[in-house]
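Working notes for the structure below.
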Amino acid sequence: MLVGEACRTESNLLRQSFLDHIKEYAPEVAATKDKDGLLALMGTSRDNAEECIRANEDKLGDLMKRFDGRDMSKLDLLRFATSHEMYHRGQLTVYQRLLNIKPALTARFEKLFAQAK
């Protein structure tokens, strides 16, 4: 949602409610009910976001309205979005560890280290 809004010509996070932004940029999320569907949706979303950013990279210095009405550059919004996603990734890792589930990145590193021996 944040990438889509940053890539609009008239970017403004106050132009509609947060829920309406989600309905506009991710209407298929509500219908996704299983892990495979969610993973496929996340992959498509990532690919679309990359394409959108690359197509609009010359406009990322332009200003847009944040949720609090202040101006910020589109690039700064994308930096915020990246940081925010890392925050949630960290939360998921904590939840996995609390459930005695090895996080995927930890498992990947363990495999790489074992192969390097």
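In deg cm²/dmol, rounded to 500, what helix-only [θ] at 222 nm does the chain give when every DSSP H run of at least 4 residues adds -39500 (n - 2.57) and the total is split over its residues? Dividing the helical sum by the residues of the chain leaves -20000 deg cm²/dmol. Please list log₁₀ I(q)/I(0) at q = 0.27 Å⁻¹ for region 19-70, using the Debye equation with identical point scatterers on the alpha-carbon positions. Those come out to -1.06, one per q.
Sequence-distant contacts, meaning Cα pairs under 8 Å at least 6 residues apart, place the relative contact order of the chain at 29 percent. D by Stokes-Einstein for region 25-107, Kirkwood Rh over Cα pairs, 37 °C, 0.692 mPa s: 213 µm²/s. Only loop residues by DSSP count here, and only those with at most 13 other Cβ atoms within 10 Å; note down the GluC sites (Glu not before Pro) in region 24-91 that meet that. In loop regions of region 24-91 (DSSP not H, G, I, E or B), the sparsely surrounded GluC sites (Glu not before Pro) are Glu28. Chymotrypsin sites (Phe, Trp or Tyr not before Pro) within region 57-117: which are DSSP loop residues with at most 16 other Cβ atoms inside 10 Å? Of the chymotrypsin sites (Phe, Trp or Tyr not before Pro), the ones in loops of region 57-117 whose Cβ has at most 16 other Cβ atoms within 10 Å are Phe67. Kindly identify region 1-48 as rounded, prolate or oblate by the Cα gyration tensor criterion: order the square roots of the eigenvalues as a ≥ b ≥ c, call it rounded if a/c is under 1.5, otherwise compare a/b with b/c, prolate if a/b is larger, else oblate. Here region 1-48 falls in the oblate category. For the chain, the membrane-span-like helices by this rule, meaning whole DSSP H stretches whose C-alpha atoms cover at least 15 Å of axis and whose Kyte-Doolittle mean is -1.0 or above, are 35-55, 74-98, 104-116; this says nothing about an actual membrane.
Heavy atoms of the protein chains alone define the surface here; on that basis the chain has 76 Å² accessible area per residue at 1.4 Å probe size.
The values are calculated or read from the model by the stated rules, or taken from the named source; none is laboratory data. All figures in this text were calculated on a predicted structure; none of them were measured in a lab. Glycine also receives a Cβ, built like all others from the backbone with ideal geometry; neighbour counts cover every protein chain displayed. Quick note on the areas: whole protein, heavy atoms, side chains included, nothing else; ligands and nucleic acids left out. Shrake-Rupley method; radii C 1.70, N 1.55, O 1.52, S 1.80 Å.
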